[in-house]
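Engineer: Dropping a structure here in structure tokens format, bear with me for questions.
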Amino acid sequence: MNEPAIRMEEQILSLFQDRETQICQGWILKKMGGHLCVYPLYYKYSQGNIPDNIQKCEKISRRSGLNCVFRIVEHTNYHLSSILTDKGYVLKKCGVVGEWNIMEDAGNLYAPRKTQDSLFLRNGAEGENAEYTMADTDMVIGIKRQELLFLPDGNLPDLGIEDILWFSADNGVTRILADIPGKEELPEQYVRAGFHRAYLYRCYQKEEKSSKEQED
């Protein structure tokens, strides 16, 4: 099992306290981005009953009117992807999570500032222990809880990662996790900034049938 990656996934999920969450046989189900995302982090609780667990997740997703998406971290759940494929699921996307730690990579803070003044913190909703890192006035760049900053979409076309590092230093962040969809390796700007590749993940979703196929 890839225990470090599982711990990171747990930390990321804990930042989304406002999203409805269920537990199914040790798997975490969360409504995320119009989907019911299944995080099968605790494989040992599901061995020998994986097809039944998949069906249970699908039933919950149908009740919610959402598509069921399984997010599988590399070097975990070795047989789950093949079982999903047999059940009509296809690989919809992959992504990589990068990690930066100020204790290890502080030297990269000597990069020049660019647009750091355009970033600011906004408090989360009442009862949340997180703050939102904003760019300009309405774009959420990251979620901050205590000394951790998470970038839910690490593809930052209009913002340099160096500015994120300066912002983090100014606001007590010592560790950054960046979810970079569509990549299997860290983009060059992250490598230059001192990030390292933490793990790869893959998302599987059932192939939707066309109207004609459903009629047949």
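Engineer: Please list 35-41, 200-206 highest first by mean number of surrounding beta-carbon atoms within 10 Å per residue. Let's see the in-between values first.
Structural biologist: Numbers: 35-41: 23.0, 200-206: 19.0.
Highest-to-lowest ranking by the protection proxy: 35-41, 200-206.
Engineer: Set the Förster distance to 30 Å, then compute FRET efficiency between Arg19 and Arg192 from the Cβ-Cβ distance, nearest 0.05.
Structural biologist: Calculated value: 0.35.
Engineer: Quick query: amide H of Lys92 versus all other amide H atoms, modeled in the peptide plane; which residues come in under 5 Å with a sequence gap of 5 or more or a different chain?
Structural biologist: Cys203, Tyr204, Gln205
Engineer: Figure the gain on full extension for Lys92 and Lys56 (residue separation times 0.36 nm, minus the Cα-Cα span) and round it to one decimal in nm.
Structural biologist: Once the chain is fully extended between Lys92 and Lys56, it gains 10.9 nm.
Engineer: Rank Asp170, Asp179 by accessible area, highest first, at a 1.4 Å probe radius? Don't skip to the answer; put the middle values down first.
Structural biologist: On the way: Asp170 85, Asp179 10 Å².
I get Asp170, Asp179, largest accessible area first.
Engineer: In what order, largest first, do Ser168, Ser81 sit by accessible area if the probe radius is 1.4 Å?
Structural biologist: These residues rank, largest area first, as Ser81, Ser168.
Engineer: Right, here's the next one. Label points 7 Å out from Cα along the Cβ direction at Asn123 and Thr174: separation in nm?
Structural biologist: 2.5
Engineer: Mind scanning Lys59/Lys206; Lys59/Lys92; Lys56/Lys144 and naming the pairs with a C-alpha gap bigger than 22 Å? Provide the component values of the computation, followed by the final result.
Structural biologist: Working: Lys59/Lys206 13 Å; Lys59/Lys92 20 Å; Lys56/Lys144 33 Å.
Over 22 Å Cα-Cα: Lys56/Lys144.
Engineer: Given the C-alpha atoms of region 34-102, compute the convex hull and give its volume per residue in Å³.
Structural biologist: In region 34-102, the Cα convex hull volume per residue is 123 Å³.
The values are calculated or read from the model by the stated rules, or taken from the named source; none is laboratory data. Note that this is a predicted model, so its numbers are computed, not measured. For neighbour counting, all protein chains shown are included, and Cβ atoms are generated from backbone atoms with ideal geometry for every residue, glycine included. Ligands, DNA and RNA are stripped out before the accessible areas are found, and what is left, the full protein with its side chains, is counted by its heavy atoms. Shrake-Rupley method; radii C 1.70, N 1.55, O 1.52, S 1.80 Å.
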